[in-house]
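K.L.:
For reference, the structure I am asking about is given below.
The values are calculated or read from the model by the stated rules, or taken from the named source; none is laboratory data. What you are looking at is a predicted structure, and each value in this text was computed from that prediction instead of being measured. Glycine also receives a Cβ, built like all others from the backbone with ideal geometry; neighbour counts cover every protein chain displayed. These accessible areas exclude ligands, DNA and RNA; they are computed on the full protein's heavy atoms, side chains included. Shrake-Rupley method; radii C 1.70, N 1.55, O 1.52, S 1.80 Å.
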Amino acid sequence: MSVSYTAVGWNRQKKRYDFAIAGFCSLYLLLFIGLTAVTNPDYTFETALIRSTSTLAFLLLHVILAIGPLCRLNSKFLPLLYNRRHLGVTMFFIALIHGGFSLFQFHSLGNVNPFVSLFSSNTQYHSLSQFPFQALGFFALIILLLMAASSHDFWLHNLTPEVWKTLHMLVYIAYLLIVLHVMTGVLQFETHPVFVVLLGAGAAVLVTLHLLAGSREIEKDNARFDTVEEGFHYVCETSDILPNRAKIFCIGVERIAVYRSEDRLYAIHNVCKHQGGPLGEGKIIDGCITCPWHGYQYLPNNGQSPPPFTEKVSTYDIRISGTKVWLHPTPYPEGTERPGVYIGNSI
Amino acid sequence: MEQIITIVFTVALVYLLLGLAFYPLFIIKGITQIDPGAKGSSWGFRLIILPGVVLFWPALMRKWIVIRKK
Ligand code: HEM
Ligand code: FES
């Protein structure tokens, strides 16, 4: 959280994660290059490098795009989300090798600047079969560059979270550009259907996951809490909320997390100050509400991060009558102390 | 066509070079003024944001100017 920035926020879990990424990538590249060297009579190292890095980067991009919806569907995938940005930066560097090497290979031999050559050597923009597909890859690479360059939390704070979020949503445009890059490019040299099938399967998996996760969210948000007394909405029974866990309720437009910590219930805004993670999907660790995405912490009774941290979220009033939990959807200013409510022997 | 591309390329290059020139000033003075979290931060951190500063320098410069005016 924001005390003083470090270059890379490594801890044991992140180191293991990065180790796994590095191991997988090296193994993939070695196997790919080794196997083509042995089996393909036209093998050249340059081509093998271009193709192994391109396919690896594209594969990683699929994993990156699948992590979000997978976590919404099942919390078992949360460890993958925890360090997704390192996966993203790795993917950018691998794609950079592919793009850089292609530029070098196909555009640096003449006396024209390679970037100029990239856009001017083939201008058949009206032709599908001869389309200058490398330009598409170039624009995708620019998007990946912007994302990798702004991946440190410093950028989240200083570009503002809205701009940052928008910038990082461009990953979907990058994905689309790469799909087109591959379709218009590879299909110019390769006629084997396996490429089309793989490409289609990848896209189908991603679209399905996003649709599933999205419809799940909409269902939750559309749940209605119409029983209202003195501004308090009836939301659930006390026994519905497990110890050290929360349930999320969407009243109006606000998502509110109701947490059970020891023998009390507390209500805070569901949106983490870091990158908007769903606080209500986290748990209480060491007495603090802990965001499931990257572990920012907040005290349940006032929504403040424990000192020396300075993040704050809104708090809400809550009450219990019998076994029923009632929630007031009007937020208090961020960081306002709220006593919560004693569950007692209502369960 | 080639001319247009050359112009776009040159403009982009100038933009990035300006960002590179802005970097040392920003690292020495601006960064702690616009973001208290950068106080006492490591040199590794300052190095790792270099590509971002070169790309997003107008946003940082704007923030810095606004804060200095206050
Ligand atoms: C400056 C940017 C780029 C250039 C100049 C470029 C160039 C190329 C070229 C020349 C090929 C055909 C290679 C061959 O079959 O021998 C290719 C294919 C491919 N590219 Fe790119 N590319 C760029 C960016 C990207 C990016 C950002 C990705 C994202 C992962 C990507 C993914 C792929 C894939 C998956 C293939 C098909 C597999 C292959 O044949 O290598 N490319 N690209
Ligand atoms: S979103 Fe990153 S810690 Fe909550």
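K.L.:
Give the Debye-formula value of log10 I(q)/I(0) at each listed q (0.13 Å⁻¹), with one equal scatterer per alpha carbon of the stretch A:12-220, two decimals each.
P.N.:
At q = 0.13 Å⁻¹ the computed log10 ratios are -0.84.
K.L.:
Name the residue from A:Gly277, A:Ser305, A:Thr238 whose Cα lies farthest towards the positive end of the charge dipole of the stretch A:228-342, charges +1 on Cβ of Lys and Arg and -1 on Cβ of Asp and Glu.
P.N.:
Projecting each Cα onto the dipole axis, the largest value belongs to A:Gly277.
K.L.:
Please give the calculated 222 nm ellipticity per residue for chain B, where each DSSP H segment of at least 4 residues contributes -39500 (n - 2.57) and the sum is spread over every residue; nearest 500 deg cm²/dmol?
P.N.:
Working: 4 runs with 54 residues, N = 70.
One gets -24500 deg cm²/dmol as the mean residue ellipticity at 222 nm.
K.L.:
Let me ask something else. Would you mind classifying the protein assembly as shown by shape? Square roots of the alpha carbon gyration tensor eigenvalues, ordered a ≥ b ≥ c; an a/c under 1.5 is rounded, otherwise it is prolate if a/b is larger than b/c and oblate if not. Kindly include the intermediate steps, with their values, before the conclusion.
P.N.:
Details: a/c = 2.37, a/b = 1.67, b/c = 1.42.
Prolate is the answer for the protein assembly as shown, as a/c is 1.5 or above and a/b outweighs b/c.
K.L.:
Exactly which chymotrypsin sites (Phe, Trp or Tyr not before Pro) in the stretch A:286-340 are in a DSSP loop and have at most 11 other Cβ atoms within 10 Å?
P.N.:
Details: sites: A:Trp293, A:Tyr296, A:Tyr298, A:Phe309, A:Tyr316, A:Trp326; in loops: A:Trp293, A:Tyr296, A:Phe309.
Taking the stretch A:286-340 and a limit of 11 other Cβ atoms within 10 Å, no loop chymotrypsin sites (Phe, Trp or Tyr not before Pro) are found.
K.L.:
Here's something else I'd like to know. Give the average over all directions of the projected area of the C-alpha convex hull of the stretch A:228-342, one decimal, in nm².
P.N.:
Working: hull surface 25.8 nm².
One quarter of the hull surface, i.e. the mean projection, equals 6.4 nm².
K.L.:
Probe of 1.4 angstrom, ligands and nucleic acids ignored: what's the accessible area per residue over the stretch A:12-220, in square angstrom? It would help to have the intermediate numbers written out before the result.
P.N.:
Working: 11510 Å² over 209 residues.
It amounts to 55 Å² per residue over the stretch A:12-220.
K.L.:
Counting helices only, and only those DSSP H runs with n ≥ 4, report the 222 nm mean residue ellipticity of chain A as the sum of -39,500 (n - 2.57) divided by its residues, in deg cm²/dmol to the nearest 500. Display every interim value, and only then the final one.
P.N.:
Numbers: 10 runs with 174 residues, N = 347.
My calculation for chain A gives -17000 deg cm²/dmol from helical runs alone.
K.L.:
When you have a sec, figure out the Kirkwood radius of the stretch B:11-70 from all distinct Cα pair distances and drop it here in Å to one decimal?
P.N.:
Values: mean 1/r = 0.0848 Å⁻¹.
After inverting the mean inverse Cα-Cα distance, the result is 11.8 Å.
K.L.:
How about the stretch A:255-347: which GluC sites (Glu not before Pro) there are in a DSSP loop, with at most 16 other Cβ atoms within 10 Å of their Cβ?
P.N.:
Numbers: sites: A:Glu262, A:Glu281, A:Glu311, A:Glu334, A:Glu337; in loops: A:Glu262, A:Glu311, A:Glu334, A:Glu337.
Qualifying residues, ordered by number: A:Glu262, A:Glu334, A:Glu337.
K.L.:
Could you work out what % of the accessible surface of chain A is carbon and sulfur, using a 1.4 angstrom probe and leaving DNA, RNA and ligands out of the count?
P.N.:
Summing carbon and sulfur atoms, their accessible area is 65 percent of the total for chain A.
K.L.:
Report the A-B buried area as the accessible area lost on both sides summed, probe 1.4 Å, in Å² to the nearest 100.
P.N.:
Values: alone 19020 and 5460 Å², together 22550 Å².
It comes to approximately 1900 Å² buried between A and B.
K.L.:
Let me ask another. Springs between alpha-carbon pairs under 10 angstrom, Gaussian network model over chain B: which of B:Phe56, B:Phe22, B:Phe45 fluctuates most?
P.N.:
B:Phe45
K.L.:
Quick one: putting +1 on the C-beta of Lys and Arg, -1 on the C-beta of Asp and Glu, what dipole do you get for chain A around its Cα centre, in Debye to the nearest 20? Each step should come with its number before you reach the end.
P.N.:
Details: 24 positive and 23 negative charges, 103 e Å.
Taking the Cα centre of chain A as origin, the dipole is about 500 debye.
K.L.:
Sum up the charges of everything whose Cβ sits under 14 Å from the Cβ of A:Cys71, counting Lys and Arg as +1 and Asp and Glu as -1, but leave A:Cys71 out. Display every interim value, and only then the final one.
P.N.:
Values: positive: A:Arg72, A:Lys76, A:Arg84, A:Arg216; negative: A:Glu217, A:Glu281.
With Lys, Arg at +1 and Asp, Glu at -1, the net is +2.
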